[in-house]
Amino acid sequence: MTDSELLLFEGHSGALPIYEKLKKEILDVYPDVRIKVQKTQISFSRKYLFACVSFTKVRKAKDRPKNWLVVTFGLGHQEESPRIDVATEPYPNRWTHHVLISETDEIDDELMAWIREAGEFAERK
């Protein structure tokens, strides 16, 4: 964990174990992934960005758990799932999905399948 990664979690230290597991899982799938820490998010890319984590408020405060982070990924279609908090189509056939996760157990086969699909979709750009 770099200092810049830790800085993003200032005030959200309870979400660090969630991020650490997600990062490990992404690195297991894409060992060549580039991780870029920005002011409001951490991006994962290979040739192109395919996923990121942030503290984007996709739910009202009363509906958010104590510890949480948002995983964002892009697909060529709208994925339908009760787990997806927000899905938008900023460009034709390019859907951005936001999933709020609050437990390491939520980094499961379904979420990782979406992230793998997002990685493949990004490579086809």
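For a 22 Å ceiling on Cα separation, which of these pairs sit above it: Lys21/Lys66; Lys21/Lys60; Lys39/Lys62; Lys36/Lys125?
Check vs 22 Å cut-off fails for Lys21/Lys60; Lys39/Lys62.
Based on alpha-carbon atoms only, what is the radius of gyration of region 1-72 relative to the globular estimate 2.2 N^0.38 Å?
1.10
Per DSSP helix of 4 or more residues, -39500 (n - 2.57); summed, then divided by the residues of the chain. What does that give at 222 nm, rounded to the nearest 500?
-8500 deg cm²/dmol
About the Cα centre, and with charges only on the beta carbon of Lys, Arg (+1) and Asp, Glu (-1), how big is the dipole of the chain? Nearest 20 debye, please.
Here the chain has a charge dipole of around 580 debye.
Please return the longest stretch of the chain lacking exposed loop sites, where GluC sites (Glu not before Pro) count only if DSSP places them in a loop and at most 11 other Cβ atoms lie within 10 Å.
11-79
In nanometres, what is the gap between the two model label sites at Ile35 and Lys21, each 7 Å from Cα along Cα-to-Cβ?
Label-label distance for Ile35 and Lys21, simple model: 1.6 nm.
Explain nothing, just compute: Karplus ³J(HN,Hα) = 6.51 cos²θ - 1.76 cosθ + 1.60, θ = phi - 60°, for every residue of region 28-42 in order, whole Hz, x for Gly and Pro.
Values, residue by residue: 5, 7, 10, x, 8, 4, 9, 10, 10, 8, 10, 4, 10, 7, 10 Hz.
In the P(r) worked out for the chain, what percent of Cα pairs fall beyond 25 Å?
18
Compute the FRET efficiency between Lys125 and Arg83 as 1/(1 + (r/R0)^6), taking r as their Cβ-Cβ distance and R0 = 22 Å, and round to the nearest 0.05.
0.30
Only the coordinates and a few stated rules stand behind these numbers; no lab work does. Because the structure is predicted, anything quoted here is derived from the model rather than measured. Note that each Cβ is placed from the backbone with ideal geometry, even for glycine, and that neighbours are counted across all protein chains shown.
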